Amino acid sequence: MILITGGTGFIGSHTALLLLENGYEIVIVDNFVNSSREVLKRLERLIGASIPFVELDLRDEEALEQLFMTYNIDSVIHFAGLKAVGESVEKPLYYYENNIGSTLVLCKVMEKFGVMKLVFSSSATVYGAPELVPIVENTPLHSTNPYGRTKLMVEEILKDLYISNPNWSIALLRYFNPIGAHESGEIGENPNGTPNNLMPYITQVAIGKRKELYIFGNDYPTMDGTGVRDYIHVTDLAYGHVKALEKLNKSTGIDAYNLGTGKGYSVLEVVKTFEHVTGVSIPYKFVKRRPGDIAECYADPSKANKELKWEAKKTLEDMCQDSWRWQKKNPEGFC
Ligand code: WQD
């Protein structure tokens, strides 16, 4: 049975659905700090069955031990974590305590129950402002904000854990920019308040919830002056977790993998593609750069392609189409 922490979140819910569709048995834990109970109902409706679920905070060691006693867990996908860069700058202790504290308790309980297969939800943010693109996994790691540092620190903790006990099988999955939604439009990205990320902001402009898109800087050294990122469809990303699990079932060790498409798109390219695909115009205004943003960030995914036998298949058009379908069906998100 696979334990999915943070399984009602954006990437967690898409991965849970894909695992269920592929016949895996899962149990989800979540404390709903950044997600909605409605997601569970949507998932159960989509697969036509109830899904084992436990509401708990991962820092509650006793409750987590109780879960491991109740369910026969053989591997864990660890999504649970706070992920807003700006908030992490305002509340670093909250982020360190939550993201690192919960992982320490999880690993302790896993080791106690002899569960040694872990897929960790990391992020391209561990590369900071890379000198070279496309980015390979042995690029020097350096993060520029507390959120990114929690990801970096957890990666280091997991490397030390593996050195202390080589029976561990650990995959560190470094996501680039996940966007899009399941083709049903039943689950998708549901940010609280004003979206930090580009695509949810665009879709909220498209449904008329926001007046216009503010493009943070058009003076970057890129093809059109706006920021370039590696957008990856969330279902391609989910599939990367399934393939990582398959690898963990075959070998011990610890490895990092870039989960990206290997293709960078600028903000303006995303806007133009969204307009072309949906027929909805997105008014925008150039404003000053957002502090901490970098010009270009996109993956060299060849290590994941080769070792996980995985590659992203969906196009930017698919991502725009699926994001729009989700937002149209859920103008107020998971209300
Ligand atoms: C993409 C591009 C912005 C919003 C962040 C986190 C990272 C990861 C993914 C968790 C940039 C521009 C955005 C807007 C804009 N999260 N933009 N107007 O910053 O690449 O990565 O999300 O792991 O840790 O940092 O993604 O979607 O915020 O920005 O112009 O309203 O869109 O400047 O060029 P980012 P993003």
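The values are calculated or read from the model by the stated rules, or taken from the named source; none is laboratory data. What you are looking at is a predicted structure, and each value in this text was computed from that prediction instead of being measured. Don't worry about glycine lacking a Cβ; one is built from the backbone with ideal geometry, like all the others, and counts go over all protein chains shown. Keep in mind that these areas ignore ligands, DNA and RNA; they rest on the heavy atoms of the full protein, side chains included. Shrake-Rupley method; radii C 1.70, N 1.55, O 1.52, S 1.80 Å.
General observations
- 3J(HN,Hα) along the stretch 322-335: 6, 5, 5, 4, 4, 5, 5, 6, 9, x, 10, x, 7, 7 Hz, from the Karplus curve 6.51 cos²θ - 1.76 cosθ + 1.60 with θ = phi - 60°, whole Hz, x for Gly and Pro.
- Between amide H atoms placed 1.01 Å from N, distances below 5 Å from PHE53 occur with ILE28, all of them 5 or more places distant or on a separate chain.
- Cα convex hull of the chain - mean projected area over all directions, nm²: 15.6
- Solvent-accessible area per residue for the stretch 11-162 (1.4 angstrom probe, square angstrom): 45
- Across the stretch 184-335, the volume of the C-alpha convex hull divided among the residues equals 136 Å³ per residue.
- Carbon and sulfur %, accessible surface of the chain computed with the full protein complex present, 1.4 Å: 51
- Phi-based couplings in Hz for the stretch 277-290 (Karplus 6.51, -1.76, 1.60; Gly and Pro marked x): 6, 9, x, 9, 8, 10, x, 9, 9, 7, 10, 6, 3, 7
- Each residue, ARG45 and LYS313, gets one label point 7 Å from its Cα in the Cβ direction; the gap between the two is 2.7 nm.
- Net +/- balance of residues flanking VAL136 in space, Cβ distance below 10 Å, scoring K and R +1, D and E -1: -1
- Amide H contacts for THR261 (H built 1.01 Å from N in the peptide plane; partners 5 or more residues away or on another chain; cut-off under 5 Å): ALA299.
- Lysines whose Cα lies under 17 Å from that of LYS329, excluding same-chain neighbours fewer than 8 positions away: LYS41, LYS209
- For the chain, the longest principal axis of the alpha carbon atoms and the long axis of helix 38-47 meet at an angle near 80°.
- Whole-Hz Karplus values for the stretch 87-103 come out as 5, 5, 6, 6, 10, x, 5, 4, 6, 5, 5, 6, 6, 8, x, 5, 6 Hz, taken residue by residue from phi with 6.51 cos²θ - 1.76 cosθ + 1.60 and θ = phi - 60°; glycine and proline positions read x.
- Within the straight-line cut-off of under 23 Å between alpha carbons, the lysines reachable from LYS306 are LYS117, LYS159, LYS243, LYS247, LYS250, LYS263, LYS314, sequence neighbours fewer than 8 places apart in one chain being disregarded.
- Neighbourhood charge, 13 Å Cβ-Cβ cut-off, centred on VAL39 and excluding it, Lys, Arg +1 and Asp, Glu -1: -2
- log₁₀ of I(q)/I(0) at q = 0.15, 0.23, 0.28 Å⁻¹ - the stretch 120-178, Debye sum with one point per alpha carbon: -0.45, -0.95, -1.21
- Over the stretch 64-218, the fraction of Cα-Cα pairs per 10 Å bin, rounded to whole percents and listed from the shortest bin up, is 9, 31, 33, 20, 6, 0.
- Dimensions of the stretch 1-141 based on its C-alpha atoms, expressed as ranges along the principal axes with the largest first, amount to 47, 32, 29 Å.
- Built amide H within the under 5 Å cut-off of HIS182, gap 5+: ILE187
- 0 to 90° range, to nearest 10: angle between helix 146-164 axis and the chain longest Cα axis: 30
- Local electrostatic count, TYR71, Cβ distance below 13 Å [Lys/Arg +1, Asp/Glu -1]: -3
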